[in-house]
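One structure is given below, encoded as structure tokens.
The values are calculated or read from the model by the stated rules, or taken from the named source; none is laboratory data. Fair warning: this is a prediction, and the values are worked out from it, not measured in the lab. Positions of Cβ are backbone-derived with ideal geometry, glycine not excepted, and every protein chain shown enters the neighbour counts.
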Amino acid sequence: MKLPAVFRQVSLVFITIFLCTIFSVGSSFAKDKVYRWKLQSGYPHGDISFELLKGFAQDVKAFSDGKLIISVFADSEIVPIEQLFESTQKGLLDILHCMGAFWGGIVPVGEIEFGIPFAYTIDEVDEFDAKAQVIRDFYYNKGFVNILRKEYDKQGLYWLDMHTYGGPFVLSTKYLETFDDWKGLKIRDEGIYTQFHNMIGARGTYVSGGEAYMALKLGTLDASQWDISAISGLKWHEVAPYWVQGGDNDHVIGHMLINNASWRQLPDNLKQALQKAAENYWTATVEAYGKEFKNAEDMVKAGTLKESKVSAQAIQKQKEIAYKLWDDVAKRDEASAAAIKMIKEWRGVK
């Protein structure tokens, strides 16, 4: 039996109201949903970049009006650093905070991103923050970010933004000046720097940041490379008093990588909140590391830290070896070749 026309019209009105109500409730639910994420760093408590993550999480909460809450964990508090990349790929973690050199075997261009030796030696400006800005401008204005996002996307990760660690900070138990002084030197490092140190005659090896102090004290290591947290948080200068100044990169760069599924489920306004907080985090790292380098200079004046200045002749030899390493790195894949070409043009290296 067919319904009267008027009844059909009334039914249609009710159905329309019902559907609108469902969509309205669904939209409201999505708008009011609170996302809770886990971020783990590759660095321990006491590391400057890790400690600054508390401010990043607070900014995200504020900029998202409390809709995105990030819990921050230090190295190995959820997974060991060896599993950090994979755990973020699989979604056990939503964000990792570390540097590309750690996964250079998976994403070769990550070694370049971090800073292959002498690539980020910025001579055209003098101030710490100005040098950092030159490097950030290269990332965003020359297309380097596009290469990075494309390569990390292949691994199921979204490259959010960059941050600085200042320049590589090397502490040694002995004074280093000449090129030959590096021969046989047992130095803690990671990534591309292991290869570089081996090429200049040293013996590069990986030791975790938390174990380096005792390794230096016992003589298992002669020197160790980190960032300036080596003295401000990790206190390595107590057992390795020489600050080695060798003319290398003025800054080396880290990143935050986000699980693609976690990133894509966010509404645009929360993505914007993350980007804004990440930009603030960049500024915070520039300011904090700049301050700590000034503190290191004050420690030298006070005699609690000793300078070990590598000679100009040794630096030149090391730089020539570094450029050969650049060419080797360029052969790893297309992205690395494009990145090295980009850096050579930017730095005027043939």
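Observations, loosely collected:
- Condition met for Y152 (assigned by TED's automatic domain parsing to the domain that holds A337, within 28 Å of A74 (Cβ to Cβ), among the aromatic types (F, W, Y) and surrounded by 22 or more Cβ atoms within 10 Å (Cβ to Cβ)): no
- Qualifying helices (runs of 4 or more DSSP H) (wholly inside the stretch 1-68; at least 2 residues being at pLDDT below 95 and of a type in the set (F, W, Y)): 5-32
- Extreme residue, nearest to P117 (Cα to Cα), among residues of the stretch 226-241 that are assigned to a loop (DSSP other than H, G, I, E, B) and at pLDDT 85 or above: D227
- The residues of the stretch 138-155 that are over 16 Å from the mean Cα position of the chain (by Cα) and farther than 26 Å from K331 by Cβ amount to a single one, N141.
- Filter result for K350 (assigned to a helix (DSSP H, G or I) and either within 30 Å of F179 (Cβ to Cβ) or not assigned by TED's automatic domain parsing to the domain that holds T194 (or both)): no
Let's see how each residue does on (1) outside any helix (DSSP H, G or I); (2) farther than 27 Å from N198 by Cβ; (3) assigned by TED's automatic domain parsing to the domain that holds W243; (4) touching a helix residue (DSSP H, G or I) at 6+ places or on another chain (Cβ under 6 Å):
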position: W263; (1), (2), (3), (4): no, yes, no, no
position: N280; (1), (2), (3), (4): no, yes, no, yes
position: K291; (1), (2), (3), (4): no, yes, no, no
position: Q313; (1), (2), (3), (4): no, no, yes, no
position: E320; (1), (2), (3), (4): no, no, yes, no
position: K324; (1), (2), (3), (4): no, no, yes, no
position: A339; (1), (2), (3), (4): no, no, yes, yes
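- When residues in the stretch 273-309 are screened for being within 20 Å of the chain's Cα centre (by Cα) and either of a type outside the set (D, E) or surrounded by fewer than 14 Cβ atoms within 10 Å (Cβ to Cβ) (or both), 18 of them pass.
- For beta carbons closer than 6 Å, sequence separation of 6+ or different chains, a first residue in the stretch 318-336 that is within 26 Å of Q245 (Cβ to Cβ) and a second that is polar (S, T, N, Q), the qualifying pairs are V329/S336.
- All of S76, S49 fail the test of being within 13 Å of the chain's Cα centre (by Cα) and not aliphatic (A, V, I, L, M), apart from S49.
- Only residues that are more than 22 Å from F118 (Cα to Cα) and either without any contact (Cβ under 8 Å) to a residue 40 or more places away in the chain or crowded, with 24+ Cβ neighbours inside 10 Å (or both) were counted in the stretch 186-208, giving 1.
- Restricting attention to the stretch 87-136, the residues that are more than 16 Å from the chain's Cα centre (by Cα) and part of a helix (DSSP H, G or I) total 8.
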